[in-house]
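Chemist: Right, I'll just put the structure down here and ask away after.
The values are calculated or read from the model by the stated rules, or taken from the named source; none is laboratory data. Predicted model only: the values in this text are computed from it and were never measured. No Cβ is skipped: glycine too gets one built from the backbone with ideal geometry, and neighbour counts run over all protein chains shown. Surface accessibility is based on the protein's heavy atoms, side chains included, excluding ligands, DNA and RNA. Shrake-Rupley method; radii C 1.70, N 1.55, O 1.52, S 1.80 Å.
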Amino acid sequence: MNTFHVRKTGDVILLHLGKGDDMLQCLNQAITEHKIKNGAVVSMIGTLDKARYHMIQTTEDDPTNGFYTVEGPIEVAAGQGLIIDGEPHIHICMATPEASYLGHLEEGCRVLYLAEIAIEKYSEEELTRKKDNFGIAALSWKERDKTE
């Protein structure tokens with residue numbers, strides 16, 4: 001286990017998405033506009049009429065992902081994750097009247113009525129993701145220039 005102490009949190013950015021907005025596209029737009037290098041999506045709720053997500057399919061060291069699309073009235077119960085180096089890694093829990101779904105948020109999650117996302121911006125910690133022995137992008141400190 002590695003521990004990463006974030007010394008200071010910053011602003012909280014709240015997003016209100018309307019009918020037809022794509023959740024991940026809007027999140028990426030907010031990351032760019034608000035210059036979010038590192039942070040966390042601490043809340044994500046709303047309704048969708050189309051959802052796209054992926055999840056692992058195996059327990060092998062080299063995991064395979066399955067990509068899924070669900071259509072119909074979908075309630076987003078929760079979404080959360082980290083933004084590291086400006087890249088979001090978000091997990092989403094959602095349900096239709098018939099079933100529940102969860103996995104990694106993908107582009108194509110289209111808002112039905114509204115969605116709300118809260119982003120907590122971290123101070124300028126030097127965090128990144130580096131591939132581990134299994135090819136998984138794991139949290140890591142950025143290597144500092146030796147001349148600093």
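Chemist: Find, to one decimal place in angstroms, the Kirkwood hydrodynamic radius of the chain, where the mean of 1/r is taken over every pair of different Cα atoms and then inverted.
Modeler: Its Kirkwood hydrodynamic radius stands at 16.4 Å.
Chemist: Tell me, what is the per residue accessible area of the chain in Å², probe radius 1.4 Å?
Modeler: Computed with neighbouring chains in place, this is 61 Å² per residue.
Chemist: Kindly state, to the nearest 0.05, the FRET efficiency for LYS19 paired with ASN65, given R0 = 30 Å and r defined as their beta-carbon distance.
Modeler: 0.55
Chemist: So what's the net charge close to ALA51: Lys and Arg +1, Asp and Glu -1, counting the other residues with Cβ under 12 Å from its Cβ?
Modeler: So the environment of ALA51 carries a net charge of -3.
Chemist: Then there is this: Considering only protein heavy atoms and a 1.4 Å probe, what is the carbon-and-sulfur percentage of the accessible area of the chain?
Modeler: Answer for the chain is 51 percent, counting heavy atoms of protein chains only.
Chemist: Can you tell me which of 39-48, 17-26 comes out highest on packing, and rank the rest after it, using the mean Cβ neighbours within 10 Å?
Modeler: Most protected by this proxy first, the peptides run 39-48, 17-26.
Chemist: Can you pull the Rg over Rh of the range 5-46, Cα-only, Kirkwood?
Modeler: With Rh from the inverse mean 1/r over Cα pairs, Rg/Rh is 0.99.
Chemist: Could you give the angle, 0 to 90 degrees to the nearest 10, between helix 23-33's Cα long axis and the longest principal axis of the Cα atoms of the chain?
Modeler: Here the helix axis deviates by roughly 40 degrees.
Chemist: ALA138 versus ILE56, label points 7 Å from Cα toward the beta carbon: distance in nm?
Modeler: In this crude label model, ALA138 to ILE56 measures out at 1.3 nm.
Chemist: A further question follows. Assuming a ≥ b ≥ c are the square roots of the Cα gyration tensor eigenvalues, decide whether the range 41-100 counts as rounded (a/c under 1.5), prolate (otherwise, with a/b larger than b/c) or oblate.
Modeler: oblate
Chemist: Find how much the distance from ALA78 to GLU33 grows on full extension, using 0.36 nm per residue of separation minus their present alpha carbon separation; answer in nm with one decimal.
Modeler: Answer, rounded to one decimal: 13.8 nm.
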